[in-house]
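Structure, as structure tokens:
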Amino acid sequence: MKPEYLSLPYRPNVSIITIQKDKFLLVNLVDWQENWWKFPQGGIDEKEEIISAGKREFFEEIGTNKIRVLGMSKYTNQYDWIDKVIEFKNKKYRGQFQHFIVVEFIGKEEDIKIDSKEVKKYRWADKAEILASSKDKEHMLFQNYNGLIPKILKEFNILNHK
């Protein structure tokens with residue numbers, strides 16, 4: 001990271017770990033490679049509550065508010081962006097400080113209407129894929145989550161959930 005970027009703040013962020021039965025909702029953004037996936041997420045506006053931001057971001061990306069909030073994780077994550085991303089984001093932030101909320105999707109597949117300006121496609125992944133991906137530090141899905149996803153799933157007793 002360029003030395004002048006070290007003094008930039010971290011962008012407040014919320015990641016929405018979305019489950020339905022034993023599947024997890026993942027999105028692929030419009031400017032990403034085909035095999036890059038993440039949980040829905042986005043920035044937290046100034047003075048916005050974390051859970052409210054998560055609900056807003058979910059609606060913006062997924063096009064529905066048919067979720068039930070299970071809670072906010074005790075775990076947080078902070079990571080730096082590469083210089084190219086910092087510059088793309090107008091040198092406003094050096095990376096993200098991320099909170100995690102866990103929600104249950106209570107809608108139907110037809111309720112999902114992704115924002116095609118931001119999200120290219122979505123899919124459901126099973127627990128085994130989520131856990132396998134989280135072990136690989138180079139996997140795009142989890143490279144910035146720093147191994148927290150299994151801890152969050154355990155925190156919400158989702159690892160044993162059927």
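Some values worked out for this structure:
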item: Qualifying residue in segment 5-22 (condition: at pLDDT below 95 and either closer than 28 Å to L131 by Cβ or among the hydrophobic types (A, V, I, L, M, F, W, C) (or both)); result: yes
item: Residue that is most open to solvent (accessible area, probe 1.4 Å) [pool: residues in segment 104-140 that are in a helix (DSSP H, G or I) and at pLDDT 85 or above]; result: E110
item: Residue in segment 48-57 that is within 18 Å of Y145 (Cβ to Cβ), in contact with a helix residue (DSSP H, G or I) (Cβ under 7 Å, 6 or more places away or on another chain) and open to solvent by less than 40 Å² (accessible area, probe 1.4 Å) present; result: no
item: Criterion violated by V69 - all others in (1) open to solvent by less than 60 Å² (accessible area, probe 1.4 Å); (2) of a type in the set (A, V, I, L, M, F, W, C); (3) touching a residue at least 40 places away in the same chain (Cβ under 8 Å) satisfied; result: (3)
item: Conditions (1) of a type in the set (F, W, Y); (2) open to solvent by 50 Å² or more (accessible area, probe 1.4 Å); (3) closer than 23 Å to K121 by Cβ: number failed by Y75; result: (3)
item: Single unsatisfied condition, E87 versus (1) in a strand (DSSP E or B); (2) of a type in the set (D, E); (3) more than 24 Å from Y122 (Cα to Cα); result: (1)
item: Which numbered condition E61 misses (of (1) among the charged types (D, E, K, R); (2) in a strand (DSSP E or B); (3) open to solvent by less than 30 Å² (accessible area, probe 1.4 Å)); result: (2)
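The values are calculated or read from the model by the stated rules, or taken from the named source; none is laboratory data. Since this is a predicted model, take the numbers as computed values, not measurements. Positions of Cβ are generated from backbone atoms using ideal geometry, with glycine treated the same way; all protein chains shown enter the neighbour counts. Side chains are part of the model used for accessible areas, which takes the heavy atoms of the whole protein and leaves out ligands, DNA and RNA. Shrake-Rupley method; radii C 1.70, N 1.55, O 1.52, S 1.80 Å.
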